[in-house]
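Only one structure is covered here, and it is reproduced in the block below.
The values are calculated or read from the model by the stated rules, or taken from the named source; none is laboratory data. Model, not experiment: these values are computed from the prediction. Ideal geometry is used to build each Cβ from the backbone, glycine not excepted, and the neighbour counts take in all protein chains shown. Accessible surface areas use protein heavy atoms only, side chains included; no ligands, DNA or RNA. Shrake-Rupley method; radii C 1.70, N 1.55, O 1.52, S 1.80 Å.
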Amino acid sequence: MDLSLYNKIFENRLRLQIMSILMANEFYDFSSLKELLDATDGNLASNLKTLEKEGYLTVEKSFVDRKPNTRYMKTDKGRKAFENHLIALENLIKQQYK
Amino acid sequence: MDQKDLIKEIGHIRSMMEKSSKFLSISGLSAVLIGVYALLGASLAYLKVYGFGKLAYRDHYVTDDGIVHYLIVVAVLVLLASLVTGVLMARRKAKRAKQTIWNPASKSMLFAMAVPLVTGGLLAILLIVKGYLALIASILLLFYGLALVNGSMYTFKEVRWLGILKIGLGLLALLFPGYGLWFWMAGFGFLHIIYGFIVYKKYE
């Protein structure tokens with residue numbers, strides 16, 4: 001059983017969900033993520049930081065109506081990692097059917 | 001992790017992908033109400049043009065003075081009532097899911113709909129100004145249908161079919177001049193009502 005694709009980073013529920021959202025959208029901003037995930041600022045920010053450090057997403061800071069607006073985008077590396085993680089989950093499920 | 005956890009995990013992924021990219025707060029019941037408004041508006045228009053008399057006689061032609069103004073006022077009132085109903089009921093539905101109606105998915109949906117909608121609206125105004133009144137019902141159905149098909153990427157997949165049917169009715173309306181009002185009632189009235197019931201039954 002090849003578990004090399006399984007990604008510990010995505011063991012955290014919030015990180016998995018953040019990455020799911022970024023997979024389905026070109027970009028997503030901090031406050032929309034917060035609303036959708038029902039997470040606290042601190043928790044969300046620290047997990048976004050982890051994903052950024054891994055090189056799975058990029059951050060783009062700008063101002064809209066003089067309010068800070070932070071947008072997040074997946075990187076190619078992040079997309080690949082997420083797809084591999086899905087394959088690993090799929091393999092795990094298949095294995096249990098055997 | 002056992003089987004159940006894994007399937008739950010994948011469920012979370014699916015639900016996040018869908019929730020983040022699709023605007024699902026549109027209320028089915030609001031579509032039913034909007035259909036009813038359209039039928040009420042169309043009845044007012046019918047009574048004004050044909051009166052209470054027998055079917056075969058018109059009291060007026062649409063081109064008579066005052067009639068067009070009356071019809072425009074009715075249409076604008078129907079549009080405003082529909083917008084207010086749609087927004088308020090979507091807001092209520094979103095609140096129950098602890099969400100707002102102004103989010104990336106709703107923005108994408110509105111943006112996708114805006115170009116066909118504004119084009120169709122402006123075209124209708126130009127046609128009224130130029131006096132091509134026979135085309136209005138058809139044009140409104142066609143462009144609204146196109147807007148729905150475009151916007152359907154960001155909401156319930158049923159919206160796509162609603163749009164395609166409206167486009168079909170819009171084209172048929174051109175084939176049968178003089179029956180614009182009936183096609184308009186079928187498209188904006190009955191289709192909205194049927195669509196609303198389907199979405200309400202299926203998702204609410």
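Of note:
- Residues that are within 11 Å of another protein chain (Cβ to nearest Cβ), in a helix (DSSP H, G or I) and not aliphatic (A, V, I, L, M), drawn from the stretch A:35-59: A:GLU35
- Selection count, the stretch A:32-65, where residues are within 20 Å of B:LYS98 (Cβ to Cβ), in contact with a strand residue (DSSP E or B) (Cβ under 8 Å, 6 or more places away or on another chain) and open to solvent by 40 Å² or more (accessible area, probe 1.4 Å): 0
- Flag for B:ILE136 being buried (at least 20 other Cβ atoms within 10 Å of the Cβ), at pLDDT below 95 and over 13 Å from the mean Cα position of the chain (by Cα): yes
- Of the residues making up the stretch A:46-74, those that are in contact with a helix residue (DSSP H, G or I) (Cβ under 8 Å, 6 or more places away or on another chain) and aliphatic (A, V, I, L, M) are A:LEU48, A:LEU51, A:LEU57, A:VAL59, A:MET73.
- Filter pass, A:ARG15 being within 30 Å of A:GLN95 (Cα to Cα) and within 14 Å of chain B (Cβ to nearest Cβ): yes
- Top-ranked residue of the stretch B:11-20 - restricted to ones that are at the interface with chain A (Cβ under 7 Å from one of its Cβ atoms) and at pLDDT 90 or above, ranked as nearest to A:GLN96 (Cα to Cα): B:ILE13
- Within the stretch A:15-31, the set of residues being open to solvent by less than 20 Å² (accessible area, probe 1.4 Å) and either more than 14 Å from B:PRO104 (Cβ to Cβ) or part of a helix (DSSP H, G or I) (or both) comprises A:LEU16, A:ILE18, A:MET19, A:SER20, A:ILE21, A:LEU22.
- Within the stretch B:132-180, the residues that satisfy the criterion of being free of Cβ contacts under 8 Å to residues at least 40 places away in the same chain and not in a helix (DSSP H, G or I) are B:TYR132, B:LYS157, B:PHE176, B:TYR179.
- Search result, residues across the stretch B:85-115 that are farther than 15 Å from B:LYS22 by Cα, over 18 Å from the mean Cα position of the chain (by Cα) and assigned to a helix (DSSP H, G or I): B:ARG92, B:LYS95, B:ARG96
- Residue within the stretch A:73-83 that is loosely packed, with under 13 Cβ neighbours inside 10 Å, within 14 Å of chain B (Cβ to nearest Cβ) and either assigned to a helix (DSSP H, G or I) or polar (S, T, N, Q) (or both) present: yes
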